[in-house]
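Written below as structure tokens is the structure these notes are about.
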Amino acid sequence: MISIHKNNLAAGIRHTVAITSDGSVVAVGDNKVGQCDVENWRDIVAVAAGNVHIATNTGNAHTVGLKKDGTMVAVGWNKHHQCDVNDWQDIISVAAGWGRTIGLKSDGTVVAVGRNNEGQCNVNGWHDIVAVSAGDWHTVGLKSDGTAVTTGNNRYGQCEIDDWHNLVAVAAGYLHTVGLKSDGTLVAVGSNKHNQLNISKWHDVVAIAVGSDHTVGLKTDGTVISVGSNNQGQCNVHNWRDIIAITAGCAHTVGLKSNGTVVAVGNNHYGQCEVSNWQGIHTN
């Protein structure tokens, strides 16, 4: 069985979620549809948060949790049945986009539920997948051979990844997709309106995160780099140190430090960056 992918942090459009060292979950930010109602969750090993660009019709979100027994829990917005994951089993990794949830199974296949108006849930034929990422309207899967597959909206070329190789991670945003290669460099496709694809000179990167219009990289030395839209200060990560994990919401960026504390920058209109009092966040 493939080992579970432990995503200890997740950021949505207006909220932030993290797993504590005892397997419970904490959340801050907008809770108008119950997306932060995670206080009763236990034995959680990975989390994901529905994320989407800021628009008049995109305020709602959901949160999903992967339990150590491979089953799922979900709370929040469920208009497209994106929270109907209670019957899923053998899940090892999760991702959440706008109005949908993606699950990676232990056999390398993928399941999806939720909004599918642009084919973003058409993952039934995927196999040999080792990681998944969900953008607003497209979904990306990393294959065991270091290549990637995509489905969904390709209006800006965000699904044109057929020539990517030697990948170890993928991340999908609003209109762009980023891949991390085994040598610590990156590749990117899609919209570059905010210079979010300007990553050709990056090196020594070990993890990536993508917001609506910004791209974030965690370096081997525990520092963080970012490019793209900075209209909410979401790219102001140059002074971060001792970071071991990163995640990006629509317009905020979150980092987990080696001591189990959390830092955040960017849009805080709903308190989604108020994580300074968090301690004991799971670090491995």
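Kindly provide the set of residues from region 49-67 that are without any contact (Cβ under 8 Å) to a residue 60 or more places away in the chain and among the small types (G, A, S), ordered by number. Matches in region 49-67: G50, A55, G59, A61, G65.
Here is the figure for region 25-34: residues that are assigned to a loop (DSSP other than H, G, I, E, B) and either open to solvent by 20 Å² or more (accessible area, probe 1.4 Å) or at negative phi (or both) total 4. The lone criterion from (1) touching a residue at least 12 places away in the same chain (Cβ under 8 Å); (2) touching a strand residue (DSSP E or B) at 6+ places or on another chain (Cβ under 9 Å); (3) open to solvent by 10 Å² or more (accessible area, probe 1.4 Å) left unmet by A18 is number (3). Provide a single number: the residues in region 35-47 that are open to solvent by 10 Å² or more (accessible area, probe 1.4 Å) and either under 28 Å from N230 (Cα atoms) or out of contact with any Leu (no Cβ under 8 Å at 6 or more places or on another chain) (or both). The total comes to 7.
Residue count for region 72-130, restricted to those that are under 23 Å from H53 (Cβ atoms) and not β-branched (V, I, T): 25. Looking at T215, is it within 21 Å of H138 (Cα to Cα), in contact with a Gly (Cβ under 8 Å, 6 or more places away or on another chain) and of a type in the set (V, I, T)? Here the answer is yes, as T215 does meet what is asked. Total residues in region 248-284 satisfying the condition of being among the β-branched types (V, I, T), in a strand (DSSP E or B), closer than 14 Å to A18 by Cβ and open to solvent by 20 Å² or more (accessible area, probe 1.4 Å): the figure is 1.
If the condition is being open to solvent by 10 Å² or more (accessible area, probe 1.4 Å) and touching a residue at least 40 places away in the same chain (Cβ under 8 Å), then region 97-114 contributes W98, S106. Quick check: is even one residue across region 128-142 part of a loop (DSSP other than H, G, I, E, B), within 15 Å of the chain's Cα centre (by Cα), modelled with pLDDT of 95 or more and among the charged types (D, E, K, R)? Checking region 128-142: at least one residue is part of a loop (DSSP other than H, G, I, E, B), within 15 Å of the chain's Cα centre (by Cα), modelled with pLDDT of 95 or more and among the charged types (D, E, K, R). For region 164-174, the criterion of being assigned to a loop (DSSP other than H, G, I, E, B), touching a strand residue (DSSP E or B) at 6+ places or on another chain (Cβ under 7 Å) and in contact (Cβ under 8 Å) with a residue 40 or more places away in the chain is satisfied by at least one residue. Of the listed requirements (1) open to solvent by less than 10 Å² (accessible area, probe 1.4 Å); (2) under 21 Å from S133 (Cα atoms); (3) not polar (S, T, N, Q), K68 misses just one: (1). Give the residues of region 55-76 that are modelled with pLDDT under 95 and in contact with a Lys or Arg (Cβ under 9 Å, 6 or more places away or on another chain), sorted by residue number. Hits for region 55-76 are G59, N60.
The values are calculated or read from the model by the stated rules, or taken from the named source; none is laboratory data. From a predicted model like this one, the values you see are computed outputs, not experimental measurements. Please note: Cβ atoms are built from the backbone with ideal geometry, for glycine as well, and neighbour counts cover all protein chains shown. Areas reflect the complete protein model, heavy atoms only, side chains present, ligands, DNA and RNA absent. Shrake-Rupley method; radii C 1.70, N 1.55, O 1.52, S 1.80 Å.
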